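Enquirer: Below is one structure. I have some questions about it.
What follows draws every value from the coordinates through simple rules; no lab data is involved. Just so you know, these numbers come straight off a predicted model, no measurement behind them. Ideal geometry is used to build each Cβ from the backbone, glycine not excepted, and the neighbour counts take in all protein chains shown.
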Ligand code: AMP
């Protein structure tokens with residue numbers, strides 16, 4: 001992993017009044033560029049050729065400058081140019097996925113957030129250790145031996161993009177029917193309930209708001225993912241019948257819809273976020289910036305967190321002009337703008353090294 005000292009050296013050479021924000025053109029980049037623009041930053045989009053054109057359709061989400069690449073790994077050849085432009089990288093889910101977590105950790109450019117989180121986030125075992133053991137959060141039960149499947153379970157493949165290939169089984173026979181033995185998998189209890197993808201922002205430098213031991217946590221929005229084909233498969237009737245025809249439910253994300261929680265659940269949501277943040281501070285110096293807790297609320301009103309994402313998620317995209325939660329902090333605030341605001345605040349207070357790695 002690139003060292004904090006190396007990043008600090010680069011930052012020391014930056015003109016702090018002339019910072020720019022750079023990201024890969026995908027995922028939540030329209031929102032990131034739009035938010036950066038609102039905070040007065042110059043923006044740089046790193047794009048594969050065909051991608052750039054569609055940004056002309058959205059002038060307020062278009063970066064000021066495109067850098068066209070053949071493959072995303074070329075970012076490593078662009079570091080001098082980006083440093084000259086005082087660029088701060090704002091990573092998003094696709095950015096990390098395209099580069100790969102291990103390459104992303106090596107990227108020698110000032111990057112928003114704490115890259116040490118990847119050690120805990122990108123390995124399912126460590127993620128569970130962090131959330132269950134250190135933060136004390138309820139997660140779906142893990143089943144190690146498929147012969148012990150005694151309830152509905154979800155079989156997940158490691159590194160599966162957007163839930164592709166995941167399948168539901170209710171017993172060992174159904175597991176055998178669906179499993180691809182060539183892939184590494186994990187089995188977890190299928191939690192029956194309603195899904196809420198909670199979008200928070202942890203700032204180690206903002207003092208007012210929902211306080212934690214260092215800084216504050218904000219809730220910026222909540223979405224639910226549209227997943228194909230699971231969200232529509234009920235229209236075809238019993239899944240057992242469909243399986244015989246080779247039609248299995250799948251969990252490929254195709255879009256996002258805004259939701260709100262019943263208000264009495266908000267304190268619980270904040271309590272979970274607080275415990276995740278406090279444990280992150282102890283374990284690796286804090287999960288800084290935007291993060292998402294992917295949860296299911298049961299009919300006993302209990303949260304189960306099945307995944308964490310430690311950076312801006314695409315589920316924040318419905319909220320480019322605010323949300324029922326962000327509007328109670330500042331009308332119209334998006335996660336993209338909140339990130340840019342954090343960078344601006346830290347630059348003004350000469351504390352960039354606290355939010356950048
Ligand atoms: P993931 O890749 O872990 O984000 O999971 C993809 C999708 O599978 C989620 O968005 C949920 O719809 C669903 N899912 C994941 N884990 C569970 C679970 N333990 N119980 C029920 N549904 C789940």
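Enquirer: Using Cβ contacts closer than 10 Å as the measure, can you line up 166, 319, 248, 54 from fewest to most?
Expert: 54, 248, 166, 319
Enquirer: A follow-up question, please. Suppose we look only past 15 Å in the calculated P(r) of the stretch 1-111. What percent of the Cα-Cα pairs does that tail hold?
Expert: For the stretch 1-111, the share of Cα pairs beyond 15 Å comes to 62 percent.
Enquirer: For the stretch 59-186, report the translational diffusion coefficient in µm²/s to the nearest whole number, using Stokes-Einstein at 10 °C, 1.306 mPa s, and a Kirkwood Rh over Cα pairs.
Expert: The Stokes-Einstein estimate is 88 µm²/s.
Enquirer: Please give the peptides 338-346, 148-156 ranked by average Cβ packing (other Cβ atoms within 10 Å per residue), highest first, as a rough proxy for protection.
Expert: 338-346, 148-156
Enquirer: If you don't mind, there's one more thing I want to ask. Highest GNM mean-square fluctuation, the chain, Cα pairs closer than 10 Å: which of 233, 308, 296?
Expert: Of 233, 308, 296, the most mobile in the Gaussian network model is 233.
Enquirer: What ranking do 310, 71, 321 get, fewest neighbouring Cβ atoms within 10 angstrom at the top?
Expert: Ordered from fewest to most neighbouring Cβ atoms within 10 Å, 310, 71, 321 come out as 71, 321, 310.
Enquirer: Same structure again: Please arrange 216, 316 by how many other C-beta atoms lie within 10 Å of their C-beta, fewest to most.
Expert: 216, 316
Enquirer: Further question: Shape verdict for the stretch 267-357, please, from the Cα gyration tensor: rounded (a/c under 1.5), prolate (a/b greater than b/c) or oblate.
Expert: Note, shape of the stretch 267-357 comes out oblate.
Enquirer: Any idea what angle helix 335-348 forms with the longest principal axis of the chain, computed on alpha-carbon atoms, 0 to 90 degrees, nearest 10?
Expert: 40
Enquirer: What angle, in degrees between 0 and 90 and rounded to the nearest 10, separates the Cα long axis of helix 29-38 from the longest principal axis of the Cα atoms of the chain?
Expert: For 29-38 against the chain, the angle is about 40 degrees.
Enquirer: Given the DSSP H assignment, sum -39500 (n - 2.57) over each helix run of at least 4 residues in the chain and divide by its residue total; what's the result at 222 nm in deg cm²/dmol, nearest 500?
Expert: Roughly -7500 deg cm²/dmol at 222 nm, from the helical runs in the chain.
Enquirer: Once fully extended, how much extra length lies between residue 224 and residue 205, figured as 0.36 nm per residue of separation less the alpha-carbon to alpha-carbon distance?
Expert: Using 0.36 nm per residue and subtracting the Cα-Cα distance, I get 3.9 nm.
Enquirer: Please report how far the C-alpha centroid of the stretch 203-253 lies from that of the stretch 168-192, rounded to the nearest whole angstrom.
Expert: Computed from Cα coordinates, the inter-centre distance equals 20 Å.
Enquirer: Follow-up. Calculate how large, on average over all directions, the projected area of the Cα convex hull of the stretch 251-310 is; give the answer in nm² to one decimal.
Expert: 5.3
Enquirer: Right, something else. Quick one: Debye curve from the C-alpha atoms of the stretch 112-159, no solvent, what's log10 I(q)/I(0) at q = 0.17, 0.24, 0.27, 0.29 Å⁻¹?
Expert: Here log10 of I(q) over I(0) equals -0.64, -1.02, -1.11, -1.15.
Enquirer: Given axes a ≥ b ≥ c from the Cα gyration tensor, I'd like to know whether the stretch 196-319 is rounded (a/c under 1.5), prolate (a/b larger than b/c) or oblate.
Expert: The shape class here is prolate.
Enquirer: Could you tell me how far the Cα centroid of the stretch 280-313 sits from the Cα centroid of the stretch 75-136, in Å?
Expert: With the stretch 75-136 and the stretch 280-313 each reduced to a Cα centre, they are spaced 17 Å.
Enquirer: Right, here's the next one. Using only Cα atoms, find the angle between the long axis of helix 266-284 and the longest principal axis of the chain, and express it within 0 to 90 degrees, rounded to the nearest 10.
Expert: Compared with the principal axis, the helix lies near 70 degrees.
Enquirer: Could you give me the radius of gyration and the Dmax of the chain, taking only the C-alpha atoms into account and expressing both in angstrom?
Expert: For the chain, the Cα radius of gyration and maximum Cα-Cα distance read 20.8, 64 Å.
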